[in-house]
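Taken together, the values in this text are just the output of simple stated rules run on the coordinates, not laboratory data. Keep in mind the model is a prediction, meaning the values are calculated, not measured. Here the Cβ is made from the backbone with ideal geometry for all residues, glycine too, and neighbour counts use every protein chain on show.
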Amino acid sequence: MARYGIAVDVEKCTGCHSCFLACKDEHAGNDYPPISVAQPDIGHKWLRLREIEQGTGTKIKVDYIPIMCQHCEKPPCMAPGPEGAVYQRDDGIVIIDPQKAKGCKNIVNSCPYGAIFWNQEKELPQKCTLCAQMIDNGEKTTRCVESCPTGALIFGDLDDPKSEIAKLLVAKAEQVEAFKPKFGTKPTVKYIGLPKLFIAGEVLLSDKPKDCIKGAKVTLKADNQDKVMETNTDFFGDFEFKGLDRNIDYTLIAEYEGYYPQEITIRTYASKNVGELVLRAK
């Protein structure tokens, strides 16, 4: 039996909302018994995009995180309602039964990801079904994945090593993580490249203030770690360190031959643009 899931490659998501619109087109006004009844035209976002903006000044990054039902292996939404109101299929897809869950508004607040919505007219909690009606009809993907123009969403069998999703998760294993892992729900929606903190800036020379300094050496070391990160400024004189931990003290040193190095300490409360680091000639 397949175990279905979705991989979300955050770095490929451009925030175009094609996935959101495709989900609305598939489910708004359409009943798929016994899996689901029609999603309302407004108010529900079974798939939503969270925009993350980091940095300041000229060093700004914007990322988009598609968030839907995580189809958890340990779904907390199964606990509040009567037996069978929320159930997990053999293929891992978590479904809210549109008959047994009627009137069970407490199911909405049981989801730590905010992925369940209340249909006031039908007195029913509703959420993403991973397009189970399509899968049961023999189709190989979901509407959101089908509509993604950048390939940021990949659907498939997590347990089939030959599937596209399994190969991708192996190839990018170091970047794969759960969204909000502290909840401990073991989601089958896997995220690749969730946005992390960064430190960026620019190196200038005191006697050549208008020149872009390519090749200046910049190192970064966390005070509680032995690992030292190193990079060189690009042809604009810019540098960047990505994937940093929060609330850590880092020591940054900028160096260029013939000039005195400059050292600063930064605490990563958030992503940081250190601005211009001006090195004085020896």
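Under a 10 Å cutoff between Cα atoms, tell me which one of 192, 67, 52 has the largest fluctuation in the Gaussian network model of the chain.
Highest fluctuation of the listed residues: 52.
By a straight-distance test (C-alpha under 21 Å), which lysines pair with residue 210 as possible cross-link partners, with residues fewer than eight away in the same chain excluded?
59, 282
Can you tell me which aspartates and glutamates have their Cα less than 14 Å from the Cα of residue 74? Leave out same-chain residues fewer than eight positions away.
Straight-distance partners of residue 74: 90, 91.
Only Cα pairs under 8 Å and at least 6 apart count here; give the relative contact order of the chain as a rounded whole percent.
Relative contact order here is 19 percent.
Under a 10 Å cutoff between Cα atoms, tell me which one of 265, 150, 188 has the largest fluctuation in the Gaussian network model of the chain.
Maximum among the listed residues: 265.
Hey, if you put +1 on the Cβ of every Lys and Arg and -1 on every Asp and Glu Cβ in the chain, which of 131, 176, 57 ends up farthest toward the positive end of that dipole?
Most positive-ward Cα: 57.
Among 253, 60, what is the fewest-to-most ranking by other Cβ atoms within 10 Å?
Ascending number of Cβ neighbours within 10 Å: 60, 253.
Just name one of 229, 215, 205: the one whose Cα is farthest towards the positive end of the charge dipole of the range 197-279 (beta-carbon charges, Lys/Arg +1, Asp/Glu -1).
Of the candidates, 229 comes out farthest on the positive side.
Please give the contour-minus-distance gain from residue 49 to residue 249: 0.36 nm per residue of separation, less the Cα-Cα distance, rounded to one decimal in nm.
68.9 nm
Using mean Cβ contacts within 10 Å as the protection proxy, how do 86-93, 210-217 order, highest first?
Sorting 86-93, 210-217 by mean packing, highest first, produces 86-93, 210-217.
Only four residue types carry charge here, +1 at the Cβ of Lys and Arg and -1 at the Cβ of Asp and Glu. Report the dipole size of the chain about the Cα centre in Debye, rounded to the nearest 20.
Roughly 460 debye, rounded to the nearest 20.
Explain nothing, just compute: Karplus ³J(HN,Hα) = 6.51 cos²θ - 1.76 cosθ + 1.60, θ = phi - 60°, for every residue of the range 226-242 in order, whole Hz, x for Gly and Pro.
So the J values, rounded to whole Hz, are 7, 5, 10, 8, 9, 8, 10, 5, 7, 5, 9, x, 8, 9, 7, 10, 10.
Apply the a/c threshold of 1.5 to the C-alpha gyration tensor of the range 172-259 and tell me whether it is rounded, prolate or oblate.
prolate
Using a Gaussian network for the chain with springs between C-alpha atoms less than 10 Å apart, which of these wobbles most: 147, 206, 163?
In this elastic network of the chain, the residue with the biggest mean-square fluctuation among 147, 206, 163 is 206.
Taking the Cα-to-Cβ direction at residue 211 and at residue 186 and moving 7 Å from each Cα, how far apart do the two end points lie in nm?
Spacing of the two 7 Å Cα→Cβ label points: 6.0 nm.
Using just the helices of the chain, give the 222 nm mean residue ellipticity in deg cm²/dmol: DSSP H runs with n ≥ 4 each add -39,500 (n - 2.57), and the total is spread over all residues, rounded to 500.
Counting only the DSSP helices, I get -2500 deg cm²/dmol.
Go through 166-172, 127-133 and give me the packing order, highest mean Cβ count within 10 Å leading.
Highest-to-lowest ranking by the protection proxy: 127-133, 166-172.
For the chain, max minus min Cα coordinate along each principal axis, in Å, sorted largest first?
Result for the chain: principal-axis Cα extents of 78, 38, 34 Å.
Can you give me the long-range amide H partners of residue 69? Hydrogens built in the peptide plane at 1.01 Å from N, cutoff under 5 Å, separation of 5 or more residues or another chain.
128
Express in whole angstrom the spacing between the alpha-carbon centres of the range 224-282 and the range 43-110.
That distance is 39 Å.
Fewest Cβ neighbours within 10 Å first, please rank 158, 124 accordingly.
So the residues, fewest neighbours to most, are 158, 124.
Less than 15 Å from a label point 7 Å out along the Cα-to-Cβ axis of residue 222: which backbone N atoms in the range 243-282 qualify, by residue?
243-252, 266-271
Among all lysine pairs in the range 143-204 that are eight or more places apart or on different chains, how many have alpha carbons less than 24 angstrom apart?
Within the range 143-204, the lysine pair count is 17.
For labels at residue 172 and residue 61 in the simple 7 Å Cα→Cβ model, what's the distance in nm?
Placing both labels 7 Å along Cα→Cβ, they lie 1.4 nm apart.
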